[in-house]
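Participant: Sharing a structure, written as structure tokens. Questions coming.
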Amino acid sequence: MALDDRKSDFTFIGTRPDRPDGLDKVTGRAKFGADAVAPGMLFGAIVRSPHAHARIVKIDTSKAEAMKGVKAVVTRADFATGLTGEFWNVQENVMAGDTALYDGHAVAAVAANSALDARDAAKLIEIEYEVLPHVTDVDKAMEADAPVIRDGTADGSVPEGMHPNVVRYHESGHGDVAAGFAAADLVIEDSFKTEATHQGYIEPHACLASLGADGKGELWCTTQGHWYAQKHCAALLGIETSQLRVTASEIGGGFGGKTTVFIEPVALALSRKANRPVKMVMSRSEVLRATGPTSSTSMDVKIGMTKDGTITAAEGVFRLQGGAFPGAPMEFTAMCAFAPYALENVRQVGYDVIANRPKQAAYRAPGSPMAAFAVESVIDLLCQQLDLDPVEVRLKNASKKGTKASYGPRFDDIGLVECLEAARDHPHYSAQLEQGQGRGISCGFWFNHGGETSVSLALSEDGTVQVSVGTPDIGGSRASMALMASETLGIPYENIRVTIADTATLGYNDVSHGSRVTYASGLATIKAAQAAIAEMCKRAAAKWGIPEDAVKWEDGCAVPSGPNAGDFEPLAMADITADMGATGGPISGHFEATPEGAGVSFGVHIVDAQVDPETGKTSIPRYTVIQDAGKAIHPAYVEGQFQGGAAQGIGWALNEEYVYGEDGRLQNAVFLDYRIPVASDLPMIDTVIVEVPNPGHPYGVRGVGETGIVPPLAAIANAVSRAAGVRMFELPMSPPRILAALKADG
Amino acid sequence: MNYHSPASFAEASALAANVDGVTRFLAGGTDVLVQLRADIVTPDTLIDIKMIDGVSDIIQNDDGSWTLGVAVTGAEMTEHAGLSQDWPGVVEAMDLVGSTQVQGRATLTGNLCNGSPAADSVPAMVAAGVTVTVTSADGSREVAVEKVPTGPGRTSLAKGELVSAVNIPARGDNAGDAYLRFIPRTEMDIAVVGVAVSLRLDGDIVTEARVCLGAVAPTVLLVQDCADAINGSTLDDAALDALAVAASAACNPITDKRGTVEFRTDVAGVLAKRAAKIAYARANGETVKGDHA
Amino acid sequence: MTKIHVTTTVNGDETEFLCDPRETLLDVLRDRLNLTGAKEGCGTGDCGACSVTMEGRLVCSCLVLGAEAEGKDIATVEGIADGDTLHPLQRKFIEHAALQCGICTPGILVAAKSLLEKNPDPSETEVRYWLAGNLCRCTGYDKIIRAVMDAATEMREAS
């Protein structure tokens, strides 16, 4: 893309129009995953392992099959064989093979006439287990005597001599860290742990599946990526990808957790066996036990600093437990850890460790928040001990354009310095703290992502436009697409309808993840609109009898490009589309690519924490998010992403955690005890949108969805540690942990 | 599961006495339905008592005592000015149970008969000296609230018995009560520790103190040592410290997903002091806000 | 299989249905009456996505049995708008971008409407506590609270 078509003066972008799906969502008529029905529909239910690790000796389905109203029972035997790689891992997770690998692992499923019948029938499936030793803690899973969970899973990256539960290894960095530490006035090294948390989307996984013996199927599901679902379901069922049409429902939150499949292949298998449509909806307990939480981590971070606040060297070791399957995002943790800082000497190591827990799934900037917790805590300790201002120290070391990033490449235009300056100048940063309060700050980094993207844009005869995108709208992206199309075409926002197309009506699209939607689908929408504009200019040129390059597009009209082109009245879009059938046929534009210019994103959070020294209870009286959005297309939804990320981070920092018992069973698989923040827990969350345009997008967009959850864990840890007068090294900083730390400190 | 909605307590108890399997009474349903949904308890017989006359009444008797129907919800209690004036601790304790939505359904009786040691309203009722009327085919008897729970999920009620009324004593003069609980969030959690204090003042001297702890033992604890620590005092620092020590000493908690033994033991003492101060101020005629906004 | 016959009023319309004794009011609304505006986020009364009012009282419909609806007056999100005129809360939610994914929105609208009927001039703290049983994972609640407060102001000025 030519950068000279970068716009900076906008008509529609930056305004805050009503979202196109607003009416549906406030009246209850928006159709989410569980809201679909089909004639003759059955209901499915899954039988799950109560054991953390057990060999499946025998499955007896006879009683369930004999129950009135039961139409199909499936086990692993009803799925494709011979899969490898990630297809194999997903299949193993979706339906256990020889071994149940975690509490909640699916072992069998049943479809019946009603949801109650299906639940009753599931209880009649008898499974004989041979219970095996289990491990759920990341450090314990690496110890020599830890039970081996899936021998042979490790890939070639793992150094000799590691426990077989270590399945992948990462190392990166540059410079000479030993020399860097030697040059420091103060070196601090500490260890940190974080517990797994869940994305906590309010809508449980749900789908409606229909598959025939002819290998043709339809799937409706709540997902962040229906092409991903199509590809994986087809592989797991042994059918052709194109024969399965997948439609994404309205999605009730995902945050990364709906980037994979769980019940969808099972519902398809049941449907194929029963020859009827099958609806499946997870319970909340199933969501928490069996869908992807984050990794839990154990981390060591060492940073050297001179008295003036210059970081001389940094080193980190990051161990991530990602459940019983490879894929914990330890390389992201390692690569993000020191990215905010321009470092001459840096080294980071990551371990992917398997344990008897559910397969981790992406959660908003996967892996990065934990790294920030460890790194930014050590920086805060250095600031405290060297008596330096936390923002000034970060400014002094901040990555800028041209900095060689800790993970390799050189940064292009980035906005970290601007974010830090905005933090320094924000009234929050200089506001007086009350008794018992502490203030923390933290930087955060996320790569952002492009990904395979297809967009199709069609003009209607009345001059209005329909845009088909393939990235499910999780948080208002249809409004952003319509704004970008309207800006490009020069027609009102209201004249554009954006639809999330199904897999049969648009080319392949990567999942709505990696903060890629506004960037990549947005870029593709702009390019598709530009293609349509080119065709409309061509029609105008033909009508006027002048060369195509003598026509330009201005404010929604074709106009002669200059006085030499001729003197013609502007042709409005609706004038061109009105007779497009007779001037060459329907006009549309489309764009397919894998854009590579996502543009990294930095943010800085400021938070005040109040700690009750007698109970260890923390409250958050004030919170400010500052983040570089490149260009905010719909500022209200950008603010919403910032606020949502902060709120999730507050939950992660203070109270959310997976609690496993000695028996390896999840103890808190309900919202009562998996404690996400409620309205009365939070203050208003102030936001500052910094705009340093991304050179890789025509309008300068950077993804904003993920970076917002990176700084909170560290910022809150720094605030709590300063408020309590004792450093917290483990998340969540629940009241019992804080009170224990206070007592240990005397 | 069979669902019944009898028109009288006699009919309800006869039903319960004559069926096999698991029987549950349905008042607000905020525990019964959760257990049903989660496959923890699927009753064979579910007896909805809300069609019985008078179960939603809040009545102040001539002697100043209160009689509450067994289906009176938390919201109805909170909205009742007279009851809130007399027994703010009991009303606030009930109000702390669950969300606004749960308050629209949940009842004192259900909170009691669910048998959870962490039930918020139970310590407050015990501190207040509340009794329940238990009805069966043999007639009715009055039982102190502290005699109802016998362990987690268990009560002393026999087959065919059900609670038919909640009896709250007259408050009388110069008296106040308070209930505080510890939860990690501001709302929606189960108590990690709960402490209720009810007391009367003779001048500025504490008398008739009753202190009850929740979530620190298999059942709520009515702790005489706590009462002794503050009775006869002006609730000075020494008395408060003695109260805290007595409260912590009485704890026999477990470590679970909600808290540790050490945490519960420490915080019981902290909350006992804080609750006692509120009860004392209320007995002095001050209006003090409780834990809830 | 013994089903229970229930006659009830939903959003002003008298309605009859048969239900299993174990079915909740939420199950009945969604699966039998095709009113899928109320959502099931937890099934345990912890998330509020299934909020409705029964006899004017805010409840979680997942914690009410279908059988208990007999003779009762039920109101759901589908009944909030008056024909094609949105309730001020509905308008303000759109205007303030008080929803991202929108799954919690129906429950929050029902709950907020119930609050404003009881307390037309709530403080921010009162709104936050009233809505504490309505989980939202997307917004951090900020814009939701602002939308409710703004709707309350508009409704007070209009009355």
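Participant: Search the range C:131-153 for residues being of a type in the set (S, T, N, Q) and buried (at least 24 other Cβ atoms within 10 Å of the Cβ), and hand back the single one that is nearest to the other protein chains (Cβ to nearest Cβ). Spell out how you get there, then give the answer.
Facilitator: Of the residues in the range C:131-153, the ones of a type in the set (S, T, N, Q) are C:134, C:139, C:153.
Among the residues that remain, those that are also buried (at least 24 other Cβ atoms within 10 Å of the Cβ) are: C:134, C:139.
On the way: C:ASN134: 7, C:THR139: 6 Å.
Going through the qualifying residues, I end up with C:THR139.
Participant: Here is a further query. Among the residues of the range A:541-561, write down those that are crowded, with 16+ Cβ neighbours inside 10 Å and hydrophobic (A, V, I, L, M, F, W, C).
Facilitator: A:ALA541, A:TRP544, A:ILE546, A:ALA550, A:VAL551, A:TRP553, A:CYS557, A:ALA558, A:VAL559
Participant: I would also like to ask the following. Look through A:VAL375, A:VAL391, A:VAL353 and report the one residue that is under 16 Å from A:LYS302 (Cβ atoms), at pLDDT 95 or above and β-branched (Val, Ile, Thr). Working first, answer last.
Facilitator: Numbers: A:VAL391 fails: under 16 Å from A:LYS302 (Cβ atoms); A:VAL353 fails: under 16 Å from A:LYS302 (Cβ atoms).
On inspection, the qualifying residue turns out to be A:VAL375.
Participant: Something else: Quick check on the range A:238-268: of everything there that is within 20 Å of A:ALA213 (Cα to Cα) and crowded, with 23+ Cβ neighbours inside 10 Å, which residue is farthest from the other protein chains (Cβ to nearest Cβ)?
Facilitator: Here is the first cut: in the range A:238-268, the ones within 20 Å of A:ALA213 (Cα to Cα) are A:238-246, A:263-268.
Among the residues that remain, those that are also crowded, with 23+ Cβ neighbours inside 10 Å are: A:244, A:246, A:263-268.
Working: A:LEU244: 25, A:VAL246: 19, A:ILE263: 15, A:GLU264: 18, A:PRO265: 22, A:VAL266: 19, A:ALA267: 17, A:LEU268: 22 Å.
Result: A:LEU244.
Participant: A follow-up question, please. Return the only residue of B:ILE58, B:ILE49 being touching a residue at least 24 places away in the same chain (Cβ under 8 Å), more than 30 Å from B:THR255 (Cβ to Cβ) and within 14 Å of another protein chain (Cβ to nearest Cβ). Before you say what the answer is, go through the steps one by one.
Facilitator: On the way: B:ILE58 fails: within 14 Å of another protein chain (Cβ to nearest Cβ).
After applying the criteria, what remains is B:ILE49.
Participant: Restricting attention to the range A:514-522, does a residue exist that is outside any helix (DSSP H, G or I) and either closer than 18 Å to A:LYS7 by Cα or not small (Gly, Ala, Ser) (or both)? Steps first, answer last, please.
Facilitator: At the first step, the residues of the range A:514-522 found to be outside any helix (DSSP H, G or I) are A:514-516.
This time we only want the ones that are either closer than 18 Å to A:LYS7 by Cα or not small (Gly, Ala, Ser) (or both), so: A:516.
Within the range A:514-522 (the criterion being outside any helix (DSSP H, G or I) and either closer than 18 Å to A:LYS7 by Cα or not small (Gly, Ala, Ser) (or both)), the answer is yes, since at least one residue qualifies.
Participant: Another one. Counting only residues that are touching a helix residue (DSSP H, G or I) at 6+ places or on another chain (Cβ under 8 Å) and free of Cβ contacts under 8 Å to residues at least 24 places away in the same chain, which one in the range C:112-125 is nearest to the other protein chains (Cβ to nearest Cβ)?
Facilitator: Per the criteria, the residue is C:THR125.
Participant: Which of the following residues is more than 9 Å from chain C (Cβ to nearest Cβ), under 29 Å from A:GLU487 (Cα atoms), of a type in the set (Asp, Glu) and surrounded by fewer than 18 Cβ atoms within 10 Å (Cβ to Cβ): A:ASP9, A:ASP24? I'd like the intermediate steps shown before the answer.
Facilitator: Numbers: A:ASP24 fails: more than 9 Å from chain C (Cβ to nearest Cβ).
Exactly one of A:ASP9, A:ASP24 is more than 9 Å from chain C (Cβ to nearest Cβ), under 29 Å from A:GLU487 (Cα atoms), of a type in the set (Asp, Glu) and surrounded by fewer than 18 Cβ atoms within 10 Å (Cβ to Cβ), namely A:ASP9.
Participant: Let me ask another. Cβ-Cβ below 9 Å, separation at least six or inter-chain, first residue in the range C:144-159 and in the same structural domain as C:LYS92 (by TED's automatic domain parsing), second polar (S, T, N, Q): which pairs?
Facilitator: Every condition considered, the pairs that remain are C:ILE144/C:THR105; C:ILE144/C:ASN134; C:MET149/C:SER123; C:ALA151/C:GLN90; C:ALA152/C:ASN119.
Participant: Name, by its number, the condition in (1) buried (at least 18 other Cβ atoms within 10 Å of the Cβ); (2) out of contact with any strand residue (DSSP E or B) (no Cβ under 9 Å at 6 or more places or on another chain); (3) not in a loop (DSSP other than H, G, I, E, B) that does not hold for B:VAL122.
Facilitator: (2)
Participant: For the range C:62-78, which positions are more than 9 Å from every other protein chain (Cβ to nearest Cβ) and either closer than 16 Å to C:ILE103 by Cα or not charged (D, E, K, R) (or both)? Before you say what the answer is, go through the steps one by one.
Facilitator: Here is the first cut: in the range C:62-78, the ones more than 9 Å from every other protein chain (Cβ to nearest Cβ) are C:66, C:69, C:71-75.
Selection gives C:GLY66, C:ALA69, C:GLY71, C:ILE74, C:ALA75.
Participant: Restricting the range B:159-212 to residues that are out of contact with any strand residue (DSSP E or B) (no Cβ under 7 Å at 6 or more places or on another chain) and of a type in the set (Val, Ile, Thr), which is farthest from the other protein chains (Cβ to nearest Cβ)?
Facilitator: B:ILE205
Participant: Of the residues A:ALA653, A:ALA647, only one is facing chain C (nearest Cβ under 10 Å) and either among the acidic types (Asp, Glu) or not in a loop (DSSP other than H, G, I, E, B) (or both); which? Quick ask: steps written out before the conclusion?
Facilitator: Working: A:ALA653 fails: facing chain C (nearest Cβ under 10 Å).
Selected residue: A:ALA647, the only one of A:ALA653, A:ALA647 that is facing chain C (nearest Cβ under 10 Å) and either among the acidic types (Asp, Glu) or not in a loop (DSSP other than H, G, I, E, B) (or both).
Participant: Another question about this same structure. Can you name every residue in the range B:238-265 that is under 20 Å from A:LEU742 (Cα atoms) and over 22 Å from the mean Cα position of the chain (by Cα)?
Facilitator: Our first condition is that a residue be under 20 Å from A:LEU742 (Cα atoms); within the range B:238-265, this holds for B:241, B:244-245, B:248, B:255, B:258-265.
Hits for the range B:238-265 are B:ASP241, B:VAL245, B:THR255, B:THR260, B:VAL261, B:GLU262, B:PHE263.
Participant: A further question on this structure: When you go through C:LYS92, C:LYS39 one by one, which is the residue that is in the same structural domain as C:MET149 (by TED's automatic domain parsing) and either surrounded by 21 or more Cβ atoms within 10 Å (Cβ to Cβ) or closer than 24 Å to A:ILE251 by Cα (or both)? Before you say what the answer is, go through the steps one by one.
Facilitator: Numbers: C:LYS39 fails: in the same structural domain as C:MET149 (by TED's automatic domain parsing).
Residue meeting the stated conditions: C:LYS92.
Participant: If you check A:ASP35 against the conditions, is it crowded, with 16+ Cβ neighbours inside 10 Å and either within 14 Å of chain C (Cβ to nearest Cβ) or within 30 Å of the chain's Cα centre (by Cα) (or both)? It would help to see each step written out before you state the result.
Facilitator: On the way: crowded, with 16+ Cβ neighbours inside 10 Å: yes; either within 14 Å of chain C (Cβ to nearest Cβ) or within 30 Å of the chain's Cα centre (by Cα) (or both): yes.
Against the criterion (crowded, with 16+ Cβ neighbours inside 10 Å and either within 14 Å of chain C (Cβ to nearest Cβ) or within 30 Å of the chain's Cα centre (by Cα) (or both)), A:ASP35 qualifies.
Participant: Identify the single condition in (1) outside any loop (DSSP other than H, G, I, E, B); (2) in contact with a Lys or Arg (Cβ under 8 Å, 6 or more places away or on another chain); (3) of a type outside the set (Val, Ile, Thr) that A:CYS419 does not satisfy, given that it satisfies every other one.
Facilitator: Looking at each condition in turn, A:CYS419 falls short on (2).
Participant: Right, next: Restricting attention to helices (runs of 4 or more DSSP H) lying wholly within the range A:1-111, give those where 1 or more residues are farther than 24 Å from A:THR153 by Cβ. Outline the logic, then answer.
Facilitator: Numbers: elements: A:22-27, A:62-66, A:85-94.
Hits in the range A:1-111: A:22-27, A:62-66.
Participant: Look at C:ILE94 and say whether it is touching a Gly at 6+ places or on another chain (Cβ under 6 Å) and under 23 Å from C:GLU157 (Cβ atoms). Reasoning before the result, please.
Facilitator: Working: touching a Gly at 6+ places or on another chain (Cβ under 6 Å): yes; under 23 Å from C:GLU157 (Cβ atoms): yes.
Against the criterion (touching a Gly at 6+ places or on another chain (Cβ under 6 Å) and under 23 Å from C:GLU157 (Cβ atoms)), C:ILE94 qualifies.
Participant: Also, I was wondering about something else. With the structure loaded, tell me whether C:ILE108 is within 14 Å of chain B (Cβ to nearest Cβ) and in a helix (DSSP H, G or I) or whether it fails that test. Reasoning before the result, please.
Facilitator: Values: within 14 Å of chain B (Cβ to nearest Cβ): yes; in a helix (DSSP H, G or I): yes.
Here the answer is yes, as C:ILE108 does meet what is asked.
Participant: Separate question: If I filter the range B:90-107 for residues that are among the hydroxyl-bearing types (Ser, Thr, Tyr), more than 30 Å from B:ALA283 (Cα to Cα) and not in a helix (DSSP H, G or I), do I get at least one hit? Let's see the steps before the verdict.
Facilitator: If we filter the range B:90-107 for residues that are among the hydroxyl-bearing types (Ser, Thr, Tyr), which is where we start, we get B:99-100, B:107.
Those still in the list that are more than 30 Å from B:ALA283 (Cα to Cα) too: none.
Checked against the condition, which is being among the hydroxyl-bearing types (Ser, Thr, Tyr), more than 30 Å from B:ALA283 (Cα to Cα) and not in a helix (DSSP H, G or I), the range B:90-107 yields no hits at all.
Participant: Given the residues A:ALA574, A:ALA582, A:ALA540, A:ALA532, which is the only one that is farther than 28 Å from A:MET481 by Cα, at pLDDT 95 or above and not in a strand (DSSP E or B)?
Facilitator: Values: A:ALA574 fails: farther than 28 Å from A:MET481 by Cα; A:ALA540 fails: farther than 28 Å from A:MET481 by Cα; A:ALA532 fails: farther than 28 Å from A:MET481 by Cα.
None of the others qualify; the one that does is A:ALA582.
Participant: Being in contact (Cβ under 8 Å) with a residue 24 or more places away in the chain and more than 30 Å from B:CYS113 (Cα to Cα) is the filter here, so list the residues in the range B:220-240 that pass it.
Facilitator: Of all residues in the range B:220-240, those in contact (Cβ under 8 Å) with a residue 24 or more places away in the chain come to B:220-223, B:225-226, B:230-235, B:239-240.
Result: B:ILE230, B:ASN231, B:GLY232, B:SER233, B:THR234, B:LEU235, B:ALA239, B:LEU240.
Participant: Can you tell me how many residues within the range B:247-269 are touching a Ser or Thr at 6+ places or on another chain (Cβ under 6 Å) and either under 15 Å from B:ASP177 (Cβ atoms) or assigned to a helix (DSSP H, G or I) (or both)? Step through it out loud before you land on a result.
Facilitator: Step one: of the range B:247-269, the residues touching a Ser or Thr at 6+ places or on another chain (Cβ under 6 Å) are B:248, B:251, B:261, B:265, B:267-269.
In the following step, the residues that additionally are either under 15 Å from B:ASP177 (Cβ atoms) or assigned to a helix (DSSP H, G or I) (or both) were identified as B:248, B:261, B:265, B:267-269.
The total comes to 6.
Participant: Turning to a different aspect of this structure: Could you pull out the residue among A:ILE685, A:ILE716, A:ILE689 that is touching a residue at least 24 places away in the same chain (Cβ under 8 Å), aliphatic (A, V, I, L, M), within 11 Å of chain C (Cβ to nearest Cβ) and under 25 Å from A:ALA629 (Cα atoms)? Walk me through it before giving the result.
Facilitator: Working: A:ILE716 fails: within 11 Å of chain C (Cβ to nearest Cβ); A:ILE689 fails: within 11 Å of chain C (Cβ to nearest Cβ).
Result of the check over A:ILE685, A:ILE716, A:ILE689: A:ILE685.
Participant: Being touching a Leu at 6+ places or on another chain (Cβ under 6 Å), of a type outside the set (Asp, Glu) and on the phi < 0 side of the Ramachandran plot narrows it down to one residue among B:VAL130, B:VAL126, B:VAL145, B:VAL55; which is it? It would help to see each step written out before you state the result.
Facilitator: Details: B:VAL130 fails: touching a Leu at 6+ places or on another chain (Cβ under 6 Å); B:VAL145 fails: touching a Leu at 6+ places or on another chain (Cβ under 6 Å); B:VAL55 fails: touching a Leu at 6+ places or on another chain (Cβ under 6 Å).
Every option except B:VAL126 fails the conditions.
Participant: When you go through A:SER442, A:SER406, A:SER368 one by one, which is the residue that is among the hydroxyl-bearing types (Ser, Thr, Tyr), farther than 18 Å from A:ALA646 by Cα and surrounded by 23 or more Cβ atoms within 10 Å (Cβ to Cβ)? Steps first, please.
Facilitator: Working: A:SER442 fails: farther than 18 Å from A:ALA646 by Cα; A:SER368 fails: farther than 18 Å from A:ALA646 by Cα.
Checking each option against the conditions leaves just A:SER406.
Participant: Mind counting the residues in the range C:41-61 that are part of a loop (DSSP other than H, G, I, E, B) and more than 7 Å from chain A (Cβ to nearest Cβ)?
Facilitator: Initial filter on the range C:41-61 (part of a loop (DSSP other than H, G, I, E, B)): C:41-50, C:55-56.
Checking which are more than 7 Å from chain A (Cβ to nearest Cβ) leaves us with C:45, C:48, C:50, C:55-56.
Adding up the residues that qualify gives 5.
The values are calculated or read from the model by the stated rules, or taken from the named source; none is laboratory data. This one's a predicted model, so the numbers in the text were calculated from it and none came from an experiment. Please note: Cβ atoms are built from the backbone with ideal geometry, for glycine as well, and neighbour counts cover all protein chains shown.
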